[in-house]
1. Give me the pairs: first residue in the range 163-182 and touching a residue at least 12 places away in the same chain (Cβ under 8 Å), second residue part of a helix (DSSP H, G or I) and loosely packed, with under 13 Cβ neighbours inside 10 Å, beta-carbon distance under 7 Å, and six or more apart or on different chains, which are they?
2. Got a number for residues in the range 269-302 being closer than 30 Å to Pro375 by Cα, open to solvent by 10 Å² or more (accessible area, probe 1.4 Å) and not aliphatic (A, V, I, L, M)?
3. If you check Leu99, Leu62, Leu40, which single one turns out to be open to solvent by less than 30 Å² (accessible area, probe 1.4 Å), assigned to a helix (DSSP H, G or I), under 30 Å from Val234 (Cα atoms) and hydrophobic (A, V, I, L, M, F, W, C)?
4. Looking only at the range 338-350, count how many residues are in contact (Cβ under 8 Å) with a residue 24 or more places away in the chain and open to solvent by 50 Å² or more (accessible area, probe 1.4 Å).
5. Would you call Pro375 without any contact (Cβ under 8 Å) to a residue 40 or more places away in the chain and in a helix (DSSP H, G or I)?
6. Need at least 3 residues that are of a type in the set (A, V, I, L, M, F, W, C), at pLDDT 90 or above and in contact with a Lys or Arg (Cβ under 9 Å, 6 or more places away or on another chain) per element, so show me which helices (runs of 4 or more DSSP H) inside the range 154-268 make the cut, counting only ones lying wholly within it.
7. Being under 19 Å from Phe184 (Cα atoms) and modelled with pLDDT of 80 or more is the filter here, so list the residues in the range 50-69 that pass it.
8. Open to solvent by less than 10 Å² (accessible area, probe 1.4 Å), over 17 Å from Ser87 (Cβ atoms) and among the β-branched types (Val, Ile, Thr): is that true of Val48 in this structure?
Amino acid sequence: MSSRRQTAVLVVASAVALLTVLDLSVVTVALPAMQRELGLSAGQLQWVVNAYALTLAGFLLLGGRAADLWGAELVFQVGLVVFTVSSLAGGLAVEGWQLITARAVQGVGGAVLAPVTLTLLTRTFRGSQERARALGIWAAVAGIGGALGGVLGGLLTGLLNWRWVLMINVPVGVALMVAALVVFPVRRGHGSHGRLDVPGAVAVTGASGALIGGITTAEGLGWSDPRTVALIAVAVVLALGFVAIERRVSAPLMPLSIFRIRSLVIANTLSLLTGGVVGATFFFLSLHLQNVHHATPVATGFLLLPGAIGISLGARLAPKLLRWASQRKAYLIGVALTVTGLLWLCTVVLLQSAPAQVLAPSFLAMAGCGFSGLPLTLSALADVPEDRVGLASGLLNTSRQLGGAVLLALLMAVAAAIAAPQRAGDLTAGYTAALVVMAFLVAATAPLGVRLSSARPKA
């Protein structure tokens, strides 16, 4: 494949990654405006965010396996259509349930697109070093999207109205559909004649959704609430059912033999443990800046920009680091930077230093995340057969999403246990405790990180 064609694939895949990640956070600043215009209750308001996150996590494996069976290029187009049409529906919503439903469908589109972009990049860039460079750029763009959501959402809501945080996806989605038709020649998938393991898909999607729903419910009602317990129990039952189904069907959604690939298991375990660090850091910093320093949402978004730049720079420099360092060393360097940055942030937050004091430590912590993310992606996909790349990509993204949801729920419980919301000082103690726990968790992954490959990517 020509270098020009490879560049075009990288541009389209990175743009889609930016779009899907951006929509996790872009609605946050617009929530008050949505509530006023549509008359949303507090419970409905949280589902504007959670409906997207829940279906995004729940359908990742399905999207990845569909790409293996029916062709990544075709599934990519389907995902773009679903994402774009649901964005339009959300922007035109006149009732709260319409907006929430549109966000849920939007998450399905995102779940299809996320693993497919990894699949397309892996198949396009064959050499280890060129694949590392491509995935580094892809990760850098996605990292920027995670932090730009608040800034873009604030600007669109302030200058236009809340509907544009969703409507902006329509022209972008249409442009990407046209570009994808030119760049990606549609070809057949590899699997069992296009058949999909529907019972397995239903079970794993239901298990993921119930787990995320249970964690989300626990954030508001507590872990002992009957609804929380019921959702977690449903998740466990469906997960066990999924394993039983995969053992029996002839063409499983997730062949359990894939877990014999050591590098894949290690990468997914590390992603499960650390996948929520970026989102949780921005979450608690945003609360600190707005609740303690009373920064406006737009000002807060700009104060978080150095973190986004750190992720982007770390992900962009990671391929260069991997020219002389192994995946193991690159991951451990990222861990060291992240832990140092988080502990530095702890002192800034605890001392209630000026808001600008968060810029340097957040940049350092997020740069570390950018460094460590690429070795995990490369490790997860390194030894996977080509007809299982979509599945492996979906599994890796699922680990990140589930890990992020669990981590944020646990950190919120830690912060709530320490902080009394009546006084800013107590809030500060809660936010600091969350950052400390996160730093120690990242540090604790180092022994497992040592088991990553000691080989450097080949040219």
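The values are calculated or read from the model by the stated rules, or taken from the named source; none is laboratory data. Keep in mind that this is a model prediction, so the values were computed, not measured. Backbone-built Cβ (ideal geometry, glycine too); neighbour counts: all protein chains shown. Keep in mind that these areas ignore ligands, DNA and RNA; they rest on the heavy atoms of the full protein, side chains included. Shrake-Rupley method; radii C 1.70, N 1.55, O 1.52, S 1.80 Å.
1. Once the first residue is touching a residue at least 12 places away in the same chain (Cβ under 8 Å) and sits in the range 163-182, no partner that is part of a helix (DSSP H, G or I) and loosely packed, with under 13 Cβ neighbours inside 10 Å comes close enough.
2. First, pick out the residues of the range 269-302 that are closer than 30 Å to Pro375 by Cα: 269-286, 301-302.
Keeping just the survivors that are open to solvent by 10 Å² or more (accessible area, probe 1.4 Å) gives 269, 272-275, 278-279, 282-283, 286, 302.
Now restrict to residues that are not aliphatic (A, V, I, L, M): 269, 274-275, 279, 282-283, 286, 302.
The qualifying residues number 8.
3. Details: Leu62 fails: open to solvent by less than 30 Å² (accessible area, probe 1.4 Å); Leu40 fails: assigned to a helix (DSSP H, G or I).
One residue alone meets the criteria, Leu99.
4. Filtering the range 338-350 down to residues in contact (Cβ under 8 Å) with a residue 24 or more places away in the chain leaves 338-343, 345-346, 349-350.
Of the ones still in play, those that are also open to solvent by 50 Å² or more (accessible area, probe 1.4 Å) are 340, 343, 350.
Adding up the residues that qualify gives 3.
5. On the way: without any contact (Cβ under 8 Å) to a residue 40 or more places away in the chain: no; in a helix (DSSP H, G or I): yes.
No.
6. Working: elements: 164-167, 169-183, 198-221, 226-248.
Hits in the range 154-268: none.
7. Applying the first criterion (under 19 Å from Phe184 (Cα atoms)) to the range 50-69 yields 63-69.
The answer is Gly63, Ala66.
8. Values: open to solvent by less than 10 Å² (accessible area, probe 1.4 Å): yes; over 17 Å from Ser87 (Cβ atoms): no; among the β-branched types (Val, Ile, Thr): yes.
No, not satisfied.
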